[in-house]
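Chemist: Okay, handing you the structure first.
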Amino acid sequence: MSVKATLSFTEDHIGSVGRERIKLLEAVGREGSISAAARSVGLSYKAAWDGIGAMQNLVAKPLLKKNIGGKNGGGATLTPEALKLIETFHHLETGLATMMKQASDNLSEIGLSSTGLLQGFMMKTSARNVLSGHILSIKSAPPAAFVTISISRKIDIKAEITEKSVERLGLVKGRQVAALIKAPFVRVVPFEDKDNFSEQNRIPGILESITIGKKSVELNVEIGEDKIFIATMRPDDPALKGLMANQPVLALIKAENIIIATC
């Protein structure tokens, strides 16, 4: 049996930064802009931007330094933290490949499937929003539990899960976790309407972009520290009326729509 190793990691617990996204980051370093990097690796600008955003949501410090102006309207360079992420990824990938090669013969002898072994090494998710953080508190309200997670220096979010899930995941105060939120579960409204909504999570930010499609509208909300929430809303949602880029907004998320993941 031949065993091949595929590495995917984040700060320390969610496998959302893999080889393809590292290649994208490297391309930004070579090409000097996200648009040129996207062309270099065969991605659309939107897919590249989403990939950069997903990586940034899982890293505490900025990965890119944005340059204003220039021949093509600006560009981007890698920060020291981005270079360290790339270097660390390649070191770990090399080490993992060596380890799995050495283990291959032993796995064959005991009849262990490589698929079964590697399943737990990596998690992929369809959720557009994956943010790392640490648990600030866990409040029991049987059969539910409310878990407060710090995702940045200024922003905490509250997730509602079951008490059994708290026990099964081994959740405790201070533990690093990831908050997973599907884009349709995020609703964006003008900041001035903040008192008109009752969602447990009302996160302030700046509306970075609006992309209008036939069946949905995608909104990117920057919430600080280079972290972005992605929302998809119905075109007929009244909250969309009058929303414009660079406008202060709130990202509304119900606590029951946040999934907590651990390694």
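The values are calculated or read from the model by the stated rules, or taken from the named source; none is laboratory data. Note that the structure is predicted; figures quoted are calculated from it, not measured. FYI the Cβ positions are ideal-geometry reconstructions off the backbone, even for glycines, and counts take in every protein chain you see.
Chemist: Residue by residue through the stretch 164-204, note down the ones that are modelled with pLDDT of 90 or more and part of a strand (DSSP E or B).
Modeler: Matches in the stretch 164-204: Ala179, Leu180, Ile181, Arg187, Val188, Val189, Pro190, Asn201, Arg202, Ile203, Pro204.
Chemist: Let me ask something additional. From (1) out of contact with any Asp or Glu (no Cβ under 9 Å at 6 or more places or on another chain); (2) outside the structural domain of Ala231 (by TED's automatic domain parsing); (3) crowded, with 17+ Cβ neighbours inside 10 Å, pick out the condition that doesn't hold for Ile161.
Modeler: Going through the list (1) out of contact with any Asp or Glu (no Cβ under 9 Å at 6 or more places or on another chain); (2) outside the structural domain of Ala231 (by TED's automatic domain parsing); (3) crowded, with 17+ Cβ neighbours inside 10 Å, Ile161 breaks only (1).
Chemist: Given the structure, is Gly95 outside any loop (DSSP other than H, G, I, E, B) and at pLDDT below 90? Please lay out each step first, then the result.
Modeler: On the way: outside any loop (DSSP other than H, G, I, E, B): yes; at pLDDT below 90: yes.
So Gly95 passes the test.
Chemist: Taking Leu207 and the conditions (1) of a type outside the set (D, E, K, R); (2) out of contact with any Lys or Arg (no Cβ under 9 Å at 6 or more places or on another chain); (3) more than 16 Å from Asn129 (Cα to Cα), which numbered condition does it fall short on, given that it satisfies the others?
Modeler: Unmet condition: (3).
Chemist: Could you please give the count of residues in the stretch 154-191 that are at negative phi and out of contact with any strand residue (DSSP E or B) (no Cβ under 8 Å at 6 or more places or on another chain)? Full working, then the answer.
Modeler: If we filter the stretch 154-191 for residues that are at negative phi, which is where we start, we get 154-169, 171-173, 175-191.
From what's left, out of contact with any strand residue (DSSP E or B) (no Cβ under 8 Å at 6 or more places or on another chain): 164, 167-168.
Selection size over the stretch 154-191: 3.
Chemist: If I ask for residues that are free of Cβ contacts under 8 Å to residues at least 24 places away in the same chain and over 20 Å from Asp50 (Cα atoms), which ones from the stretch 194-212 would you list? Before you say what the answer is, go through the steps one by one.
Modeler: Step one: filter the stretch 194-212 for residues free of Cβ contacts under 8 Å to residues at least 24 places away in the same chain, giving 195-196, 198, 212.
Of everything in the stretch 194-212, those that are free of Cβ contacts under 8 Å to residues at least 24 places away in the same chain and over 20 Å from Asp50 (Cα atoms) turn out to be Asp195, Asn196, Ser198.
Residue-wise test of (1) assigned to a helix (DSSP H, G or I); (2) at pLDDT 85 or above; (3) within 16 Å of Glu93 (Cα to Cα).
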residue	(1), (2), (3)
Val3	no, no, yes
Ala27	yes, yes, no
Ala38	yes, yes, no
Thr77	no, yes, no
